[in-house]
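See below for the structure under consideration.
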Amino acid sequence: MNESMTRDSGLSSWSNPFCSRFLKPGHIPFCFPGTESIKQLADRIRAPHGQTLKTLGQDLRLAIVGPHGTGKSTLLHHLSQELRSNCPSNRHAKGPEPSDAEPTGLVLLHSSSNKLGALRSILRQLHRSDWCLIDGYEQIPRWGQLMVMASARRSGVPLCVTAHRLPWKFQLLWHTRVDPQVESHVIDCLLASAAGQTPGSAKVKSALLESPHWAISRQKHRDNLRESLFDMYDWWQATVDDFSGSR
């Protein structure tokens, strides 16, 4: 990215689009190929209107599967939002140790250092929620996974989890992958978050995708798009912030 592009695009006033607040799960809309939608996936988790899995005598265990950094947590967050938007009475939890006053629905094991506390949270909400979404299912020990499945079956609550491989006794809900379409979508969203849709956004995107830093990072991290995006934080600092500070 040269000096004229930095000046013409007004980049000196932009936030760094690769900072953590823009990259947190759920901030960027999930990129679906074809005609699939978040509502279609959420409909697979919901029981038929007026019924429950318990009354139907069914189990429902679904998994979002894919490598690190391919959007599993983002998709699970958007599923949680979609489910809550159509069932306002269901509560939603963010964290491993909710009190009785906190909402339930989603447990983020990646953000918890207390795995036993997270497991207790899961078992509690299986008795008071219409569904249970678990981000990082593989972090639960095998005996804990068996407890979760047994409790979900008794309570008639559907499970939806993220994992790197399809867990035992689970059906595949979605397999996350990164391709040029996904890369383009994510970068567009990040640039829009940092500065809105400005005339220079297309030039900035082109410069980023053509930079050797991006090529090296993508070759290094391969499927893990998240790590490549974190790598570009320093690239942005060097090419934009340093120029702005030297004027």
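The values are calculated or read from the model by the stated rules, or taken from the named source; none is laboratory data. What you see is a predicted model; the values in this text were computed from it and never measured. Glycine gets a Cβ as well: all are built from the backbone with ideal geometry, and neighbour counts include every protein chain shown.
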Test each condition in (1) farther than 21 Å from HIS68 by Cα; (2) touching a His at 6+ places or on another chain (Cβ under 9 Å); (3) not hydroxyl-bearing (Ser, Thr, Tyr) for GLN139 and report the one that comes out false.
(1)
Which one is nearest to the chain's Cα centre (by Cα) among residues in the stretch 153-173 that are farther than 16 Å from ARG44 by Cα and surrounded by 17 or more Cβ atoms within 10 Å (Cβ to Cβ)?
ALA163
Within the stretch 24-44, considering residues that are touching a Leu at 6+ places or on another chain (Cβ under 8 Å) and crowded, with 19+ Cβ neighbours inside 10 Å, the one modelled with the lowest pLDDT:
PRO25
Taking the stretch 148-196 only, how many residues are small (Gly, Ala, Ser) and not assigned by TED's automatic domain parsing to the domain that holds LEU75?
6
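So that you can scan it fast, the table gives a plain yes or no per residue for (1) acidic (Asp, Glu); (2) more than 19 Å from GLN81 (Cα to Cα); (3) out of contact with any Cys (no Cβ under 6 Å at 6 or more places or on another chain):
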| position | (1), (2), (3) |
| --- | --- |
| HIS127 | no, yes, yes |
| CYS132 | no, no, yes |
| GLN139 | no, yes, yes |
| GLN145 | no, yes, yes |
| ALA150 | no, yes, yes |
| VAL157 | no, no, no |
| GLN171 | no, yes, yes |
